[in-house]
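Only one structure is covered here, and it is reproduced in the block below.
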Amino acid sequence: MVFWLYVTLFVAVPPILYGLALAVAYLWVRWRYMGFLTRIFQEKPLFIVPRGEPDPRAEDVVLTAADGLLLRGCYLRTTAPQRRGVILFGLEFGSNRWACKQYCQSLLEAGYDIFAMEPRNHGDSERDPHYEPLQWVTDRDVADMRTAVEYLRRRLDADPRGIGLFGISKGGSTGVIVAASDPWIRCVVTDGMYGTHTTMVPYMQRWIQIYSGAHRIQRALPVWFYSLIGTLGVKKVARNRGVHYPSVEKAAARLYRPLLMIHGEADTYIKPDMARKIFDRATGEPKKLWIVPKAKHNQALHVAGEEYNRMVVEFFDRFLAGQFEPALQSR
């Protein structure tokens, strides 16, 4: 085909023809593969989502979202003699508020109150009839988490120093976006966090190779080329679904806070290289990326056990309960 002739000549032709070849490649890929991209982008993952059982000791909380929907949350008080801090827990996609207990039991024992809230269309929170949540972070998720932060800020027993954030998978990604613009969130722990573009581009490269079979030519296409096609695909899905997909990657670059990122080495959904790309963008210090050997997506706790709990508690002991003050900046 003429298209493949243009692409094959990428290296051997003058810049003007190189640009023409890229333009032809752009039109071809957009026409041939955009349908695959938008369809796959809207598919839901198949992994098992944990759900917890209600705790009668928890304080039941009902919040009103910015658009009036009622959101359900639970506030669990520490079992220690003295509270050391407050942590907002960000749920993974499809989970309920009680799933926080398995991740936060050690934190409760160490002196931290935990608050978990179900975003719209999750658990017992009200449903938005015009919105179907997927695994990708949307403006609705961000708005609902900001509602949770404001609730903790207004409580009579609010900690004037601020709060910590502990998010799993999508909850971690949403938390990074919220924390990047709110210095009251003093530090962040994520497990299995991911971004839209750093996840999408590697998958796009693989999808197009599978469907086209032209592996040598696919390797010749620059990464920014796939990023451009992916951005257009995401915008198309956003228009169709009536949402906005904020950039986790850009938020990480504005996160001037201590950050602990946990990720499974055997994660086949969000591969460790994808996590490293977000970690490299994070500007906060100190920051640490812990790749847990043999752990699959969101399974690091079950693999690492005591070491996982110890690392998370020690992080919050230092950066939330301790005297550490991040050097806040703005752009």
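None of the figures in this text is laboratory data; all of them are computed from the coordinates on show. What you see is a predicted model; the values in this text were computed from it and never measured. Cβ coordinates were reconstructed from backbone atoms using ideal geometry, including for glycine residues, and neighbour counts include every protein chain displayed.
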(request) Give the residues of region 120-147 whose amide nitrogen is closer than 16 Å to a point set 7 Å from the Cα of ASN240 in the direction of its Cβ. (result) 131-136
(request) Express the relative contact order of region 63-164 as a whole percentage, based on alpha carbon pairs under 8 Å and six or more residues apart in sequence. (result) 35
(message) Going by amide H atoms built from the backbone, whose H comes under 5 Å of the H on VAL292, apart from near neighbours?
(response) HIS263, GLY264, GLU265
(request) Express the relative contact order of region 130-206 as a whole percentage, based on alpha carbon pairs under 8 Å and six or more residues apart in sequence. (result) 29
